[in-house]
């Protein structure tokens, strides 16, 4: 059951309407006018609710479904309890996303500027912006329409934030140009100094970091993630990229479109990622590496050389996935002798 203290239920739908929303086929058309009030999990859904079943590993649980209806694949439909109305879809996960967006919405704060917020001279904000308590916005900042800035966030001088963005509580943004529809989660840090030093006479002298952070459209940066600004060149995060919590993106890094960077990944400076690179949790990258589009990096992998496009690698130092599994198999066989 979705807690409406935190989320808005926009509408309830008939099974016919749900089939249209999800791109699914209702197997028993006589149930087309049956109303559905909520989405729930397979094992918790009850009368009046719908669930989604797409994991073959859970086929034994299908017979125990108590929901009024279930969206599943044609292959898994046979495992659903007979009294449950079945809707079949080639992609139930996509159907879940569509129905979720149609049925529910997050509560949004009202568009207003808190009295405790501090806003510098020359700052411009579009219509419908929300600025929470104790926000600090520097001078000559540009913020697009409909953007939400949550309490205690800091946006430094001359930054540009696009429309319909959300800046989480305690986030810090400096030296940054950001596109539209971005979500910067609580406590993220964008635009601080890159980790650049030169050792002179036994003393570590800081190298001035004169670049910026460029964030594309529809980007999410997770809580407590750090994106350092460049030394001379910019640090860039491409359109549609998703960065999890607790990630380090160092100075001068370039991430292409649609990348997925999972938590505790660390990317050293001046790395170049193509489009749709996926990095598993706790993966680490040496500096000045090129990672081709579509590469997949398994969790806890250590990347020390360039990765070609479309390659799947694993291990530390990372090797192609099949080579890694051969190594594991060899060690398992020989450790028993």
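Kindly establish whether residue 45 is closer than 30 Å to residue 145 by Cβ and either under 30 Å from the mean Cα position of the chain (by Cα) or in a helix (DSSP H, G or I) (or both). Against the criterion (closer than 30 Å to residue 145 by Cβ and either under 30 Å from the mean Cα position of the chain (by Cα) or in a helix (DSSP H, G or I) (or both)), residue 45 does not qualify. Can you tell me which residue within the range 108-132, out of those that are assigned to a strand (DSSP E or B) and surrounded by 15 or more Cβ atoms within 10 Å (Cβ to Cβ), is farthest from the chain's Cα centre (by Cα)? Looking at residues that are assigned to a strand (DSSP E or B) and surrounded by 15 or more Cβ atoms within 10 Å (Cβ to Cβ), I get 119. The requirement of being assigned to a helix (DSSP H, G or I), in contact with a strand residue (DSSP E or B) (Cβ under 9 Å, 6 or more places away or on another chain) and over 27 Å from residue 4 (Cβ atoms) is fulfilled somewhere in the range 62-69, by at least one residue.
Would you confirm whether any residue within the range 247-256 is buried (at least 18 other Cβ atoms within 10 Å of the Cβ) and farther than 20 Å from residue 195 by Cα? Yes, the range 247-256 has at least one match.
Residues that are assigned by TED's automatic domain parsing to the domain that holds residue 99, touching a helix residue (DSSP H, G or I) at 6+ places or on another chain (Cβ under 8 Å), under 21 Å from residue 54 (Cβ atoms) and part of a helix (DSSP H, G or I): does the range 6-14 have at least one? No: the range 6-14 contains no residue that is assigned by TED's automatic domain parsing to the domain that holds residue 99, touching a helix residue (DSSP H, G or I) at 6+ places or on another chain (Cβ under 8 Å), under 21 Å from residue 54 (Cβ atoms) and part of a helix (DSSP H, G or I). Contact map, the range 311-335: residues that are without any contact (Cβ under 8 Å) to a residue 24 or more places away in the chain and at positive phi paired with residues that are surrounded by 10 or more Cβ atoms within 10 Å (Cβ to Cβ) and part of a strand (DSSP E or B), Cβ distance under 8 Å, separation 6+ or inter-chain. Pairs shown: 315/302. Would you check if residue 81 is farther than 29 Å from residue 8 by Cβ, touching a helix residue (DSSP H, G or I) at 6+ places or on another chain (Cβ under 7 Å) and assigned to a loop (DSSP other than H, G, I, E, B)? So residue 81 passes the test.
Of the residues making up the range 279-327, those that are part of a strand (DSSP E or B) and buried (at least 18 other Cβ atoms within 10 Å of the Cβ) are 279, 284, 285, 291, 296, 297, 303, 307, 313, 314. Residues of the range 155-174 that are surrounded by fewer than 23 Cβ atoms within 10 Å (Cβ to Cβ) and closer than 15 Å to residue 229 by Cβ: 156, 157, 158, 160, 172, 174.
Listed by first and then second residue, the pairs with beta-carbon distance under 6 Å, at least 6 apart or on different chains, first residue in the range 42-58 and in the same structural domain as residue 76 (by TED's automatic domain parsing), second in a strand (DSSP E or B) and surrounded by 23 or more Cβ atoms within 10 Å (Cβ to Cβ), are 42/51; 42/53; 45/51; 50/69; 51/70; 52/71; 53/70; 53/72. Inside the range 175-200, residues that are within 21 Å of residue 116 (Cβ to Cβ) and either out of contact with any strand residue (DSSP E or B) (no Cβ under 9 Å at 6 or more places or on another chain) or touching a residue at least 40 places away in the same chain (Cβ under 8 Å) (or both) make up a count of 1.
The values are calculated or read from the model by the stated rules, or taken from the named source; none is laboratory data. Please read all numbers here as calculations on a predicted model, not as lab measurements. A quick note on method: Cβ atoms are made from the backbone with ideal geometry, for glycine too, and the neighbour counts reach across all protein chains shown.
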